Every structure is written in structure tokens, then in C-alpha cells.
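See structure below.
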Amino acid sequence: MKKYWHVLQLTWNEYVAYRFNFILEVVGGVFQTLITAVVWLAIFSYQKETLLAGYTLPQMMTYVFGGGVISSFLLLSSQGDDINDDIHFGALSHLLVRPLQPNLYWLLRDLCRKCITFFIGVFIFLFLFIFFHNTLLLPVSFSAFLFVLLFVFMAALIHFLLFYEFSIMAFWFEQTWGMRTLLRVIMEVASGVLIPITFFSSFFQKIFFFLPIKFFVFVPMQIYLGHFTWRDLTFSFIEACLWVLLLFGVGFFLWKKGLRSYTAAGL
Amino acid sequence: MLRYLKIFFVLLRTGFARNTAYPGTFFIAIIAKMLRSSLVVVLFLAFFQHMRTFAGWSFPEILFLSATYLSLEFFGLATFHRNLSYYFPRSLKSGEFDFRLTKPVSVLFITSFEHVDWYDISSVLPIVVMWVMLFVRYDFSIVWWQVLEYVMFLGIGLSLFFSLLLFLTSTAFWTINTSGVGRFFEGFLRQTKYPMSIFSGPVGVFVRFIIPLAAFATLPSEIFFGRASFFYMFYVALFALCANVAALWFWRFALKRYSSASS
């Protein structure tokens, strides 16, 4: 375990060296959240209605800011670039001869990056919370808050596994950038970070509810706002676990298959 | 000028060869980019499921604004955006930038247009469909001088986009890694799909005057619909000109102090 702790430490140091770069990335995301929040403020004031698709203004603002914090943790990650490049450029050969499990190594690096952007995001969002504190809601209960954390952690695993699966396609395809871009585009909308999934037409809702991407923002924020019953929560938890298991299984299968076809030159 | 046009066409050709070297990923990326353009419309469709107007903008007007935003984004992304945001800092880090300095061509030109992005050029279809649909389906009254002003201010918006990005990315001469600049700028740019007239108070002042993001899509659309004030049009044109001069000056200033990062 000690060696993985060192991987975490080294990755942390590596990323912290480019902290200004990360701050800029996060600020871009925070600005997006801020604009979305202001858009909703304007919409509610123009519509002169207290309820839009089941959301009051404080609920919508809480949803937007909560989604912003979660997205600074999840959606700003490197999204498989390291894995693709390691396979494509042959750095995987170095990982294979070391006493390390490459998949765990990539997972730790991914989590490390997620944590850095999350800490920066929380710090910046705290300033915004001061300005918007009148319209923001606390979680419905302490247990709901703990469930939000649990679901965000599961979302982080699903996020990593999804990009991992697309990235290790590099064993067969020379570039996986296109596939990962496609996933990222779907994620931008289907995660519910821009607007809650329930705002879309029933056709899109059916598609988005089927995908595991809803666990990124929509599901945690429904739990936070108390829109989920215990039954919904249980079903969502089982579904998230099944997705993790399924993606893990598929990833394991692809990894085994891919390693057999992997060749490297220049060792 | 003609020489640079010729070079641009050569860059177009080499860009095509580079992008299609991996045909599988090329076609999937095109699908992704087409989907991204379409999702802007899906987003507004979702809003209009629950409201009749979007802060005073009707659905056809919002569609027009979206088409304007996507067109501007298309021109920027296909040409200079990635070159300045990602490839330029990377070339500084790897030392490739030094070779550009030896070429008998403007360093800024080659830095801004070296990689013409065929992923974006090839995914223009949804934008074209949107424009065709807009004018076939909705009865917009077209006044020729408004169209002329619209095109002119779309160009001004694009030049402002270039200037702001050039200003930010020139900091790469001093910093080690500036990919964050690209992401930071994208975060700002993507918000211009909303009508900026929706914002009031300090945010409104910021997006209309301090960093006039309204110049990117909102102002040209307002001009087309005959809603733009002459004062604001003048202000944006002047701002874009000043931003252009300042960005070019800053680029030259930074370039003079460049002492090769990797040698």
C-alpha cells in the first residue's frame, strides 16, 4: 500500500506545481455556474412564477451551485488522456515492469486530480455562497448529506470507469480522442449540470435516465434537495452499484484482452 | 496578403491530412461535435418547455442567437482557438516554437493558424441546417443594411474573441503551463449562448462593458432584430479596436522577452 501512497504524493506534487493552471480551469467552470445561476434568477423574475418544473428559486439556485461544486470534482478531470497516451506512446511498458498495478495507478492519479480541482472549486464557491446565501438551502437532513457524499464518490468511480473503458480502446485504435469527446459532450447535458434532467422532453428524459451519467449531478442534487424518497434512494443506490460492477467487469475484460494484443517497441 | 492566403490553404490541406490520419476517431469526433452544436438547441428547447419567452426573447429569436453563437464559435474553433490555447503553449514547452521564429512568415500568423481543425470544419452541418431552417420556417423581416451590420459585427465579435485569447495566451511566454487559459476562456465563451441582455446590475455591466461578451452573439442578433443602440455598437467597435491593438502590442512585448524555454 505504501507505494500507492507515494504515487498519490508524487501526483499531488506534480499537479500542485501547475496550480495556477488548475485555478484557471476551475474559475472557467465556476464562471459557467455563476452565469447559469444568474440566468435562473433572471428567468424566475421574468416569469413571475414561484415554481418552474417543480423547482422554487432557492431550490434551483441550490441545484445549480451544488452541481457546480460537484462538477469541479468530477467534470474537470483529465478524462482518460493519461491512459490513452500511456498506451499509445508505450509508457505502459514502463508501468508493466514496475511492481504496480497500472489500473490502480491511473485511478489514484485521477482521484488526485479530482481532489485538487475540488478543493480549489470549494474555496472559490465559498465566496459565491456568501453573496447568494439568502437563496441557498441546506441539505434536507444530515443523512441526506452523507448520502450525497456517498453518491458523489460512486459517481467518481463511474466517471473514471467510463473514461477508462474508452481510453483503453487505445489497445486497438490509435486514437481514442473522438470517443472520449463524444462521451464528454453527452455528459455535459445528461449529467444535469446545466439544467435538471426533468426539464427535458420525455424523449430525452428516457435516454438520460437510462444512462449512468445522471449519477454525476442530477441524482446527488435530488437527494440533497429531498426530492428522493427512501424507495428512490434505495433503487438509485442499487442501480449505481450495478453500473459500477458492470463497468468494472467490462473494463477488466477489455484490459485482459487489450494486454494480449499490446506490443511495444524500443524497450 | 495573397502569400498568406496561399499559406493558409496549404495549412488547410496539411490539417486535413493530419486530422484524417485516424479516420475512426475523426468520424466519431465529428459526430460528437455535431451533437454538441445540436445540444445548444436541445437546451433551449428544454427551457421553452416551461416558459413562453426567455427573458423577453421568443423561441425563433433564441434560435437565431444560438445560430449566431455557433457560427462565431465555429470560425474561432476551426482556426485560432486551439492553436493559441493549447498548441502554442505546448510548442513553447517542447521547444518547437523556436523553429517557427526561423520561418520567413509572421510568427503570429503561423502560431494562430498552424493547425486548422477539420474536426470543426466537417461538423458545420447542424449550423447550416439551423440557418436554413430559421429562414425557411420563420418569417424574419430582412433589411439589407441590418444584415450588413450583422455580418460586420459578427466579424468584430470574432476579432474581439481573437484579441482576448491572444492577450491571455501571451502569458505563456512567462508561465510553464497555460492549458488552463484555454479552459478558462472556453468557460467564458460558452456563456455567450445566452442573451446577455438577461443580466442586470453588476453582472450586466461586466458582460456588456468591462469584458463585452455581449459582442460575440447578443449584439449581432440585436442588430439583426433592430434592437441595438447606436451608442453600444460604437462602444463595442471601439473596444474591439483597442483590444486588438493592446493584444498585438502585448504579444510583441512578450515575444521580445522570450529566451527559449527548452534549450
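Quick rundown of the values:
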quantity	calculated
Choice from B:Phe250, B:Phe47, B:Phe230 with maximal GNM fluctuation in chain B (Cα, 10 Å cutoff)	B:Phe230
Percentage of interatomic Cα-Cα distances in chain A larger than 26 Å	45 percent
Peptide B:202-210, shielding by other chains (average Cβ, 10 Å cutoff)	1
Dipole magnitude of chain A, debye to nearest 20 (Cβ charges: Lys/Arg +1, Asp/Glu -1, about Cα centre)	400 debye
Between segment A:204-248 and segment B:194-248, the alpha-carbon center distance in angstrom	41 Å
Size of electric dipole in segment B:13-164: Cβ of Lys, Arg +1 and of Asp, Glu -1, about Cα centre, debye, nearest 20	380 debye
Distance histogram in 20 Å bins (all Cα pairs of the protein assembly as shown, percent per bin)	20, 56, 24, 1
Hull-based mean projected area of segment A:15-90, where the convex hull spans the alpha carbons, in square nanometres	6.9 nm²
Under 30 Å from the Cα of B:Lys256 - lysines, other chains or at least 8 residues apart	B:Lys6, B:Lys93, B:Lys103
Relative contact order [Cα under 8 Å, 6+ residues apart], chain A, whole percent	25 percent
Net charge, B:Phe225 excluded, C-beta distance under 12 Å - Lys, Arg +1, Asp, Glu -1	-2
Rg/Rh for segment A:94-145, where both radii come from Cα atoms and Rh is the Kirkwood radius	1.28
Mean separation of Cα contacts under 8 Å (6+ apart) over length of chain B, as relative contact order %	27 percent
Helical segments meeting 18 Å axial Cα length and Kyte-Doolittle -0.5 threshold in chain B (DSSP H)	B:2-19, B:23-48, B:59-76, B:144-169, B:230-256
Proximal lysines relative to A:Lys214, as straight alpha-carbon distance under 30 Å, when same-chain residues fewer than 8 apart are discounted	A:Lys48, A:Lys114, A:Lys206, A:Lys256, A:Lys257, B:Lys33, B:Lys193
Cα-centred dipole magnitude for segment A:92-218, charges only on beta-carbon of K, R (+1) and D, E (-1), debye, nearest 20	80 debye
Residue mean of other protein chain beta carbons inside 10 Å, B:26-34	5
Approximate spin-label separation A:Val122-B:Val245, in nm, with each point projected 7 Å along Cα-to-Cβ	4.8 nm
Shielding by partners, peptide A:19-31 (average Cβ within 10 angstrom, other chains)	6
Shape parameters for chain B, alpha-carbon atoms, Rg then Dmax in Å	19.4, 61
Percentage of interatomic Cα-Cα distances in segment B:91-235 larger than 17 Å	72 percent
Within segment A:158-210, GluC sites (Glu not before Pro) in DSSP loop having at most 16 other beta-carbon neighbours inside 10 Å	A:Glu174
MRE, 222 nm, helices only [DSSP H, n ≥ 4, -39500 (n - 2.57), over chain A, to nearest 500]	-25000 deg cm²/dmol
Of B:Ala29, B:Ala215, B:Ala21, the one that fluctuates the most in a GNM where chain B has Cα springs shorter than 10 Å	B:Ala21
Ranked list, fewest to most other Cβ atoms within 10 Å of each Cβ, for A:Ile168, A:Ile23	A:Ile23, A:Ile168
Charge sum, other residues only, whose C-beta stays under 14 Å from B:Ser38's C-beta, Lys/Arg counted +1 and Asp/Glu -1	+1
Chain A: most fluctuating residue of A:Gly178, A:Gly29, A:Gly192 per GNM, C-alpha cutoff 10 Å	A:Gly178
Restricting segment B:195-262 to trypsin sites (Lys or Arg not before Pro) in coil, as DSSP defines it, with at most 10 other Cβ within 10 Å	B:Arg257
Cα centroid of segment A:167-181 to Cα centroid of segment B:1-53, whole Å	19 Å
Mean projected area in nm² (Cα convex hull; one quarter of hull surface) for segment A:16-142	10.8 nm²
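Read-outs: derived from the displayed coordinates by stated rules, not from any lab. Computed from a predicted structure; not experimentally measured. Quick reminder, even Gly has a Cβ in these numbers, built from the backbone with ideal geometry, and neighbours come from all protein chains shown.
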